[in-house]
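Worksheet: the structure to be examined is printed underneath.
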Amino acid sequence: MTQRVGILGWPVAHSRSPLIHKYWLDSHGLDGEYLRLAVSPEEDFNTVVRGLAEQGWLGANVTVPHKEVALAISDEASPQAQRLGAANILQFKDGKVYADNSDGYGFIASLEEAISNLDWIHQPALILGAGGAARAIVGALVDRGMPHIYVTNRSRARAQMLAENFATPTTRIDVLDWAARQTQMAACGLVVNTTSLGMVGQPPLELALESFTGCVVDIVYAPLETALLTEARLRGLISVDGLGMLLHQAVPAFEAWFGVRPSVTRELRHKLIEDLGA
Ligand code: ATR
């Protein structure tokens with residue numbers, strides 16, 4: 001019997017997850033199907049999810065705007081999903097709905113793919129933005145034991161809230177004014193853009209890299225090389241684009257549903273780049 005999974009979101013047509021999971025289904029010779037399901041904000045998300053579980057779906061990915069409600073309607077949730085208040089993976093098993101969040105995992109895995117030496121963890125990180133992606137990334141860095149993180153966001157209150165929620169006795173989180181985002185860069189080993197600035201159709205991100213010697217990450221992947229990453233490349237800095245996080249966050253979902261841990265291969269990355277360009 002064909003095993004069914006998919007992605008629930010609104011809009012969902014742009015999602016690249018079907019391509020990623022289809023590649024893994026094919027490479028593992030599994031009889032499965034990954035569908036896009038547009039679920040409007042007016043629909044009752046719980047009813048939709050329970051219906052899919054009854055139809056025999058193994059689970060689903062969840063994207064905007066349903067990540068919070070996905071956690072709320074679940075029967076059990078991983079510590080990551082609980083802490084972030086949002087789920088991007090649902091698994092249906094034994095009549096129950098399990099929620100997980102792999103965004104932080106995806107970020108760390110893509111970073112580790114680019115930097116083999118783990119010294120970056122000892123220097124502070126500068127995180128731009130304080131939305132859902134920033135929360136996942138800060139949570140993952142805290143779990144990794146990073147001692148010091150700076151967060152800056154256009155609305156300072158949101159950054160303040162993030163800092164209060166995620167700081168621990170071993171990780172200090174300082175908030176910087178958006179206008180002061182340059183001030184601490186020289187002391188940082190990692191800078192991460194989690195805002196939508198630099199994305200197609202959005203204003204550019206204004207951030208000068210001349211005093212910076214660390215690693216630059218931009219989670220935006222349209223365009224794949226943002227102006228920030230072009231500058232990083234020209235300066236010879238290690239840079240990580242947004243495809244890595246997108247690819248790696250899919251690994252735990254596939255493994256939960258199909259019981260096989262898939263690999264993020266060069267071939268898969270190339271397929272995705274081709275698809276984004278099309
Ligand atoms: P996500 O869940 O993908 O992180 P989000 O919650 O919409 O998305 O967050 C978008 C981030 O981009 C926020 O940090 C947002 O800043 P605000 O919290 O002040 O809204 C940031 N952002 C979006 N447009 C921006 C702009 N023109 N200038 C600065 N920051 C911007």
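The values are calculated or read from the model by the stated rules, or taken from the named source; none is laboratory data. None of the values given here were measured: they were computed from a predicted structure. FYI the Cβ positions are ideal-geometry reconstructions off the backbone, even for glycines, and counts take in every protein chain you see.
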With criteria (1) over 18 Å from Gly244 (Cα atoms); (2) assigned to a strand (DSSP E or B), Ser211 comes up short on (2)
Name the residue, out of Val64, Val69, that is within 16 Å of the ligand (Cβ to nearest atom) and within 13 Å of the chain's Cα centre (by Cα).
Val64
Could you list, in sequence order, the residues of the range 160-180 that are within 22 Å of the chain's Cα centre (by Cα), within 16 Å of the ligand (Cβ to nearest atom) and closer than 23 Å to His122 by Cβ?
Leu162, Ala163, Phe166, Ile173, Val175
Only one of Ala187, Ala179 is free of Cβ contacts under 8 Å to residues at least 24 places away in the same chain and either surrounded by 14 or more Cβ atoms within 10 Å (Cβ to Cβ) or more than 26 Å from Leu19 (Cα to Cα) (or both). Can you tell me which?
Ala179
When you scan the range 1-16, how many residues do you find that are of a type outside the set (D, E, K, R), assigned to a loop (DSSP other than H, G, I, E, B) and under 20 Å from His248 (Cα atoms)?
3
Within the range 36-45, is there a residue that is out of contact with any Phe, Trp or Tyr (no Cβ under 9 Å at 6 or more places or on another chain) and under 27 Å from Leu141 (Cα atoms)?
no
Can you name the residue in the range 181-213 that is more than 16 Å from Ala227 (Cα to Cα), more than 24 Å from the chain's Cα centre (by Cα) and of a type in the set (Gly, Ala, Ser) and is also modelled with the lowest pLDDT among such residues?
Ser211
Taking the range 1-59 and the residues there that are touching a residue at least 12 places away in the same chain (Cβ under 8 Å) and acidic (Asp, Glu), the one that is farthest from Gly259 (Cα to Cα) would be Glu33
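Here are Leu35, Leu19, Leu30: which of them is of a type outside the set (Ser, Thr, Tyr) and assigned to a strand (DSSP E or B)?
Leu35 is the lone residue from the list that is of a type outside the set (Ser, Thr, Tyr) and assigned to a strand (DSSP E or B).
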Top-ranked residue in the range 109-158 [being assigned to a loop (DSSP other than H, G, I, E, B) and within 9 Å of the ligand (Cβ to nearest atom); ranked as surrounded by the fewest Cβ atoms within 10 Å (Cβ to Cβ)]:
Ser155
When residues of the range 244-271 are filtered for being aliphatic (A, V, I, L, M) and either assigned to a loop (DSSP other than H, G, I, E, B) or in contact with a helix residue (DSSP H, G or I) (Cβ under 6 Å, 6 or more places away or on another chain) (or both), how many remain?
5
Of the residues in the range 185-207, those that are aliphatic (A, V, I, L, M) and either within 16 Å of the ligand (Cβ to nearest atom) or on the phi > 0 side of the Ramachandran plot (or both) come to Val191, Val192, Leu197, Met199, Val200, Leu205, Leu207
